[in-house]
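The values are calculated or read from the model by the stated rules, or taken from the named source; none is laboratory data. Everything numeric here is computed off the predicted structure, so don't read it as measured data. A quick note on method: Cβ atoms are made from the backbone with ideal geometry, for glycine too, and the neighbour counts reach across all protein chains shown.
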C-alpha cells in the first residue's frame, strides 16, 4: 500500500495559541446604579453603557453611587470592590475622623445628646481596633452602670452641612463596629446612618426643616468585624431631598442601653469612613 506524498507541513503554533486562548481581561471603573441579590448594575466610566456584574461575595457590599473597579473577560463582568481613597464627590469633611486629637470630640462634627437619656455617653476620637480606614475613628462609649438600675444614652453626631437641591437623590454609608467588656453583651447598641435636612447652613440637629430620611436601625456587633450601614435602608433607590430644603447633614445615631441590672459592663461603638454621594 502506498500513501500520497506532499509538501512537509509546518505547524502554525502562534495561530493555534491565538485560537485557543480567551480574550484577556480588561479593567474598567464604573458607578453602581442599582443592586440586587448577587449582582449590581454598573454605569461604565460615566458613559451610557450599563452592565450587570457579579461581585466577590463577602468582600464587597454594594452601595448606590460607589465607584467600583470591574473586570471584563468575554461577556462576563466582575466587580472587585471600591478604591480606598476618599471619593472626590464626597462632601463630608473629616469623613474618616483622622483630624483632631485622641479623646476629644471630632472636628467638623456636631453632637446632640438626647436630654431624655438617663445616662451620658462619651463621644470622642479613638484608636480604631482593628483599623478600617486610617488609624482613627469616632467612639461612642457608655461606662459601667450602677447595678440594679436600667440606663442608656441616645446620641446624634452630625457632619458639617452641605448644599442639596430638592428632588435630587443621594446615598450615604458608614462603617461601624463595637466592643464590650468580657462576658455577655450586657449593653445593647443600636445605630443608624441617615440624612437630616435644613433650610440654612447654620441650623444643626435637631433643628431640622423636614423629617429625617428613613432608616432601619441595626444591632451593632460587640466584636469584629466592621459592618456597613447604608442610608437607603435596603431600598436601592436612594434618598430624595424634600421640598424647602437647602442643606443636609449626615447624622450618625447611636443608642446604648444597659439591659441587665445585675451586671455593670461598659460598651463602645466605633464609626468610620462616612461617605455621601449625589446620584445621577
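Inside region 40-57, can you point out the residues that are crowded, with 16+ Cβ neighbours inside 10 Å and over 17 Å from the mean Cα position of the chain (by Cα)?
Selection gives 41, 42, 43, 44, 51, 53.
Being assigned by TED's automatic domain parsing to the domain that holds residue 212, crowded, with 20+ Cβ neighbours inside 10 Å, in a loop (DSSP other than H, G, I, E, B) and in contact (Cβ under 8 Å) with a residue 40 or more places away in the chain, is that true of even one residue in region 139-146?
Checked region 139-146: at least one residue is assigned by TED's automatic domain parsing to the domain that holds residue 212, crowded, with 20+ Cβ neighbours inside 10 Å, in a loop (DSSP other than H, G, I, E, B) and in contact (Cβ under 8 Å) with a residue 40 or more places away in the chain.
Would you tally the residues in region 226-255 being closer than 28 Å to residue 268 by Cα and either assigned by TED's automatic domain parsing to the domain that holds residue 60 or at pLDDT 85 or above (or both)?
Counting residues in region 226-255 that are closer than 28 Å to residue 268 by Cα and either assigned by TED's automatic domain parsing to the domain that holds residue 60 or at pLDDT 85 or above (or both) gives 14.
Under the condition of being in contact (Cβ under 8 Å) with a residue 60 or more places away in the chain and within 13 Å of the chain's Cα centre (by Cα), which residue from region 60-91 is surrounded by the fewest Cβ atoms within 10 Å (Cβ to Cβ)?
Per the criteria, the residue is 86.
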